[in-house]
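Bear in mind that the values in this text are calculations on the coordinates, not laboratory data. All values reported here derive from a predicted model rather than from experimental measurement. A quick note on method: Cβ atoms are made from the backbone with ideal geometry, for glycine too, and the neighbour counts reach across all protein chains shown.
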Amino acid sequence: MWIKDLVDLIYFEHAIIRVRLSEVRDLMSECEETAFRKLAEVHHFVVNWHAKIEDKYLFPLLPERTKPLSNDHRLIEKFGNSVIRERRKDWVSRYVDVVINHNRNEEVLVLEDLRPLTSDLVEKVLKEAEGFPNYSRITGLILDRVFPS
């Protein structure tokens, strides 16, 4: 298994988020209804799983450096909720850019510094992922193959 620690999992999820949001952006001109449905699904994953895991397990390890990134999570949640609720097609591309840039900032500013502190957390987080609706469908990661029962 190439996911050795929680930082590997976060990089993996960032890649999935980039792909899914790029699909949303492309779909917006073809089928707006499908695009907004997919956007809502990805946004739900971002704010109710991905950001929560970072805030719960990663960011407390370097709180002085990660506070702005944690604050970004609340802004992403509010902005995404507004885009979806108001069906603002003209805001979708900006939302995608905000999320992707935020993830890139995490990668550049703190993820590698957190790596040595996270090897014992990945199994716990992946076990927790079993309870998140559609985790495997969204990420493509088959959890029972990562940690068979």
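Report, by residue number, each residue of the stretch 125-146 that is surrounded by 12 or more Cβ atoms within 10 Å (Cβ to Cβ) and among the basic types (K, R).
Once the filter is applied, which keeps residues that are surrounded by 12 or more Cβ atoms within 10 Å (Cβ to Cβ) and among the basic types (K, R), the stretch 125-146 yields only K127.
What are the residue pairs meeting all of these: first residue in the stretch 113-132, first residue under 16 Å from W2 (Cα atoms) and in contact (Cβ under 8 Å) with a residue 60 or more places away in the chain, second residue assigned to a helix (DSSP H, G or I) and among the β-branched types (V, I, T), Cβ atoms under 8 Å, and 6 or more apart or on different chains?
From residues that are under 16 Å from W2 (Cα atoms) and in contact (Cβ under 8 Å) with a residue 60 or more places away in the chain, the pairs are R115/V7; T118/V7; V125/I53; L126/V146.
Within the stretch 31-50, which residues are touching a residue at least 60 places away in the same chain (Cβ under 8 Å) and closer than 20 Å to L69 by Cβ?
Within the stretch 31-50, V42, F45, N48, W49 meet the criteria.
Check every one of the helices (runs of 4 or more DSSP H) wholly within the stretch 1-106 and list those with 2 or more residues that are more than 27 Å from K127 (Cα to Cα) and of a type in the set (F, W, Y).
Passing ranges, in order: 89-106.
Could you tell me how many of the residues in the stretch 9-61 are of a type in the set (F, W, Y) and over 13 Å from the mean Cα position of the chain (by Cα)?
Of the residues in the stretch 9-61, 3 are of a type in the set (F, W, Y) and over 13 Å from the mean Cα position of the chain (by Cα).
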